[in-house]
1. Starting from the Cα gyration tensor of segment 129-169, take the square roots of the eigenvalues, sort them a ≥ b ≥ c, and report rounded, prolate or oblate (rounded when a/c is under 1.5, otherwise prolate if a/b is larger than b/c, else oblate).
2. What is the calculated FRET efficiency for Asn178 to Asn9, with r their C-beta to C-beta distance and R₀ = 22 Å, to the nearest 0.05?
3. Over the chain, average the accessible area per residue using a 1.4 Å probe and give it in Å², no decimals.
4. Using r as the Cβ-Cβ distance of Glu69 and Lys224, and R0 as 41 Å, what FRET efficiency do you calculate, to the nearest 0.05?
5. Expressed as a whole percentage, what fraction of the accessible surface of segment 15-83 belongs to carbon and sulfur atoms when a 1.4 Å probe is rolled over the protein heavy atoms?
6. For Val216 and Asn168, compute 0.36 nm times the residue count separating them, minus their Cα-Cα distance, and round to one decimal in nm.
7. Treating the Cα atoms of segment 139-224 as identical point scatterers in vacuum, please give the log10 of the normalised Debye intensity I(q)/I(0) at q = 0.12, 0.16, 0.22, 0.27 Å⁻¹, two decimals.
8. Kirkwood hydrodynamic radius for segment 28-68: how many Å is it when counted over pairs of different Cα atoms?
Amino acid sequence: MLIYCVEDNEDIRKTILYALKMADYECEGFADGESFFAGLINRKPDLILLDLMLPGKDGISILQTLRSETNAKDVPVIITTAKNTEFDKVLGLDTGADDYLVKPFGMMELLSRIKAVLRRTQMPRADFLCNGEISMSISRHLVKVAEENVELTLKEFELLRVFLENMNRVYSRDQLMNLVWGESYVGESRTVDVHIGTLRTKLGDAGRYIKTVRGVGYIMEEIK
């Protein structure tokens, strides 16, 4: 299991790498985005620890490039940063991060988060999902409604994926928050409501498949 750590603070980087090695992970550290992308050419990691405040290209820009222009777009990413505002967390997670860890953090917490993200992202899943007029290709990151392409944000895509993989199952807002935004995300349940609303709108008439269960949460009904 190979983990890349992108962190410009040498002391923090060395501490993280030491903890990873002690936990039997293979790991490599990078001080900036340029060296990190050079490393990606040589080898694709299983997980990336990414600091936001970096010299040159910042962490959000690196994450955007990673998710759109590299062969590692599917690699899980945990953001590590001193920024602790809800805006920064939402920005990082909506850009494609799988979890968010605020400095200073303990190495035991870091290792626990790594294990949780790897469990969540490495579960085998079907590549093609469909329900009624909705179809989804996971590997192509493509959604269609009645054969028309639908452009979704990363979190809208993940929400739809959860529903398509678990039709006729009711999810609470907290459950959806944990599955899509990660267990460490500290935000309001309204975040889920807003994303459900935009997802329904983008799905057009097929948005009716996602039902509100009053006082509980949401369910996607299977269309036969």
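The values are calculated or read from the model by the stated rules, or taken from the named source; none is laboratory data. Given the structure is predicted, the values throughout are model-derived calculations rather than measurements. Cβ sites come from the backbone with ideal geometry, for glycine too, and all protein chains shown count toward neighbours. Side chains are part of the model used for accessible areas, which takes the heavy atoms of the whole protein and leaves out ligands, DNA and RNA. Shrake-Rupley method; radii C 1.70, N 1.55, O 1.52, S 1.80 Å.
1. oblate
2. 0.15
3. For the chain, the per-residue accessible area is 51 Å².
4. The pair Glu69/Lys224 has a calculated efficiency of 0.55.
5. Ligands and nucleic acids excluded, carbon and sulfur give 49 percent.
6. 15.9 nm
7. -0.33, -0.59, -1.14, -1.63
8. Over segment 28-68, the inverse of the mean reciprocal pair distance is 10.4 Å.
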